[in-house]
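Below: one structure, written as structure tokens.
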Amino acid sequence: MTEHAITMRAVNKYYGAYHALVDIDLTVDRGERIVICGPSGSGKSTLIRTINQLETIQSGQIVVDGIALSGAENVAKVRRDVGMVFQSFNLFPHMTVLENCMLAPMKTRKVPRAEAEATARQYLERVRIPEQADKYPAQLSGGQQQRVAIARALCMKPRIMLFDEPTSALDPEMVKEVLDTMIDLARDGMTMLCVTHEMDFARAVADRVIFMDRGAIVEENAPEPFFTNPCNERLQAFLGQIA
Amino acid sequence: MIREFSSADVLFILMAIRWTLILSLIAFAGGAVGGMALALARTSQARALRWISIAFIQVFQGTPLLMQLFLVYFGLAVLGLPIDPLLAAAVALTLHASAFLGEIWRGAIQAVPQGQSEAATALALSYGDRMRHVVLPQAMRTATAPTVGFLVQLIKGTSLASIIGFTELTRAGQIVNNATFQPFLVFGTVAVFYFILCWPLSLLARRMEARMRLAVTR
Amino acid sequence: MYRFNFQPVFDNLDMLAHGAWLTVQLSSLAMAIGLVVSVLGAVAKTSGIKPLRWIVDAYVEVIRNTPFLIQIFFIFFGLPALGISMSHNTAALVALVVNVGAYGTEIIRAGIESIPQGQIEAGRALALSPVQIFRHVVLKPALRNIYPSLTSQFIYLMLTSSVVSVISATDLAAAGADLNARTFASFEIYLVLTVLYFLLALGFSTLFATLRRVFFDYPAGR
Ligand SMILES: Nc1ncnc2c1ncn2[C@@H]1O[C@H](COP(=O)(O)OP(=O)(O)O)[C@@H](O)[C@H]1O
Ligand SMILES: [Mg+2]
């Protein structure tokens, strides 16, 4: 039963009376890399935030890694297996880079301190900032902070990674260093869902690109046909805008 | 003789509010002058002025208002002046208000971006014109809400004048209580009067602050 | 010409020192209990249970818009009418706690609300429990944010506590009043008392600045 990484069936989400997710059906295979795009307010963040229950849904079913998202116990299990990277980094300002990376493994997976530290250093190496381990977030550039955030998520050894516009708060010269890190991760076979408007990134790594509009998935396709031959007219307009 | 707490007593207390208000107004007016002087001194180029201002504010914010009242009260005798509770209270509260308003207004002046003052200087405006036409009008926007907030603190502060024998609202309450021995009722009534004086000002200060924050984020 | 006479003050410095110690004890105890009241008040205010919020709002507004002197009169002289009577010192402590609890409620509430939502979400995404999020993510930055208001509130409380001498509670101001009644060197006594309060305030702000450097010395974020 666990061949799929994520299954969403007939998912609906409301903010009060506002219908934020409309009948979402989505299946993500293991190792699949998905890019989600769409106009602002179309529900992209809401969609990926339902996967680790930062947002609750009103109807439908979500199964992550074979675990149905219901009950506090299952939610905690899913969150341990799903890493998330935010647009605004959300590093903890009062902890060093190393401490940021060690907190969750030690508290939720009961990993011994020495092991947590070794893992943290290993992933900081991997995102190419091992020398920043003892600094505080405020002492790093935006690009460095976002790479720490990726390392922090990876320290939980997640099977799935969610990215919510990870480069849109960055200065242009820092976008590449973060995208390179994400490309590395994709090459290693991580299951990834990325909300991003970086179309070169989508072309380079995505297996599938999804276009959302007004809370619904209106088109999904492999990158090549998605970009060269879009069917939906709103997608055509959208692609015209960001090109 | 113990007698009933009557409407005449309520009237007596009510009339004493006048003195609470007069004392507050004197202290606020005096404090406005002193506070402006302190704020300007604190933000001036002259180091000596800055230090005097800092010391004054530190001392008056770092000591109890009650002690300030006693010091001025007994200090009048030291200066060979007749001991007068109203004079002592007015002087002490004025000094007290000067320090607090000075600190509030210093912050407001320093919150005006440096570029404003520099632009005015580049336009060859004098210090006086720079302050009057460029810096202070902008500082006033940040300063009004905390200034109104301080007024509440000042009105409450005037109650301590009762301790050196000035008959304002609190002391009127004590006098009535001594005659009727109904402390629950009497001090409850006095509290209600203070609340009626202070609460609208608190609400006003909060509304101003909210409006200002909105203007800043816009 | 007035002739200063500091002799009675210097002869009784030990008495004043003892009074200062009582003031430190009284205000520290009041602050400690007041903080508990403040946390409860802030939690009640942010709880979303409406009647609870109204009660706390009323408490905060009444205390902040009436003089401390009236509050202490009400508690010491007024409450016995309801069958609640206490000693001078207990009444002083209670009045200070009730007073600082109202201001503290607002400070703590602001501290909780000062933590960006994204911090809490990051904690949730990392599978931390609500208690772990409070303990490891919220607490320290929130304390850092309110530390300045909290410490100046303490100093303000200590200065305000001089008023408890009017109901004959024992503290520094009361020690001074005692001395004044015996020696009549009024100006000299109150000058020294003022200096002592100032030194206490100065000492505490130095202590707080040091503690700040020890506990909250991380570079501020945006
Ligand atoms: N907490 C919330 N409460 C109410 N409405 C919300 C909330 N979060 C998002 N929304 C609304 O839901 C819609 C989708 O938001 P979001 O998923 O953030 O869009 P996107 O990420 O595509 O820009 C928007 O119209 C937004 O205003
Ligand atoms: Mg979004």
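Points worth noting:
- Residues satisfying the stated conditions in the range A:30-44, i.e. surrounded by 14 or more Cβ atoms within 10 Å (Cβ to Cβ) and farther than 13 Å from A:I217 by Cβ: A:R30, A:G31, A:E32, A:R33, A:P39
- Looking at the range C:132-222, the helices (runs of 4 or more DSSP H) lying wholly inside it that each contain 3 or more residues that are within 14 Å of chain A (Cβ to nearest Cβ) and closer than 30 Å to A:K110 by Cα sit at C:139-160.
- Of the helices (runs of 4 or more DSSP H) entirely within the range C:45-115, those holding at least 1 residues that are touching a Leu at 6+ places or on another chain (Cβ under 7 Å) occupy C:68-73, C:88-113.
- The requirement of being free of Cβ contacts under 8 Å to residues at least 24 places away in the same chain, surrounded by fewer than 14 Cβ atoms within 10 Å (Cβ to Cβ) and either over 26 Å from C:S152 (Cβ atoms) or not basic (K, R) (or both) is not satisfied by B:A111.
- Among the residues listed as B:A124, B:A120, the single one being touching a His at 6+ places or on another chain (Cβ under 8 Å) and away from every other protein chain (no Cβ under 14 Å): B:A120
- Neighbours by Cβ (under 6 Å, 6+ apart or cross-chain): first from the range A:153-166, within 20 Å of A:S88 (Cα to Cα); second part of a loop (DSSP other than H, G, I, E, B) and more than 16 Å from ligand 1 (Cβ to nearest atom): A:M161/A:M190
- Yes/no for B:Q61 being surrounded by fewer than 22 Cβ atoms within 10 Å (Cβ to Cβ) and touching an Asp or Glu at 6+ places or on another chain (Cβ under 9 Å): yes
- Boolean, C:D178 is out of contact with any Pro (no Cβ under 6 Å at 6 or more places or on another chain), modelled with pLDDT of 90 or more and over 28 Å from B:F100 (Cα atoms): yes
- Verdict on A:L47 being within 12 Å of ligand 1 (Cβ to nearest atom), under 23 Å from C:Q117 (Cα atoms), in contact (Cβ under 8 Å) with a residue 60 or more places away in the chain and under 14 Å from the mean Cα position of the chain (by Cα): yes
- Enumeration of residues in the range B:137-188 that are under 30 Å from B:R213 (Cα atoms) and aliphatic (A, V, I, L, M): B:A139, B:M140, B:A143, B:A145, B:V148, B:L151, B:V152, B:L154, B:I155
- Any hit, the range A:160-169, residues being at pLDDT 95 or above, within 13 Å of the chain's Cα centre (by Cα), on the phi > 0 side of the Ramachandran plot and outside any helix (DSSP H, G or I): yes
- Of the residues making up the range A:119-136, one or more are within 11 Å of another protein chain (Cβ to nearest Cβ), touching a residue at least 12 places away in the same chain (Cβ under 8 Å), away from ligand 2 (no atom under 16 Å from the Cβ) and surrounded by 19 or more Cβ atoms within 10 Å (Cβ to Cβ).
- Condition check for B:F150: farther than 14 Å from C:I70 by Cα and buried (at least 23 other Cβ atoms within 10 Å of the Cβ): no
- Scan of the range A:201-218 for residues that are farther than 23 Å from A:I160 by Cβ and either loosely packed, with under 14 Cβ neighbours inside 10 Å or in contact with a strand residue (DSSP E or B) (Cβ under 6 Å, 6 or more places away or on another chain) (or both), ordered by number: A:V218
- Selection of strands (runs of 3 or more DSSP E) fully inside the range A:13-100 by the criterion of at least 2 residues being more than 13 Å from chain C (Cβ to nearest Cβ) and within 16 Å of ligand 2 (Cβ to nearest atom) returns A:18-29, A:33-37.
- Of the residues screened, C:I115 is not one that is within 30 Å of C:S205 (Cβ to Cβ), at pLDDT 95 or above, over 17 Å from the mean Cα position of the chain (by Cα) and more than 8 Å from every other protein chain (Cβ to nearest Cβ).
The values are calculated or read from the model by the stated rules, or taken from the named source; none is laboratory data. Computed from a predicted structure; not experimentally measured. We place every Cβ from the backbone using ideal geometry, glycine too, and count neighbours over all the protein chains shown.
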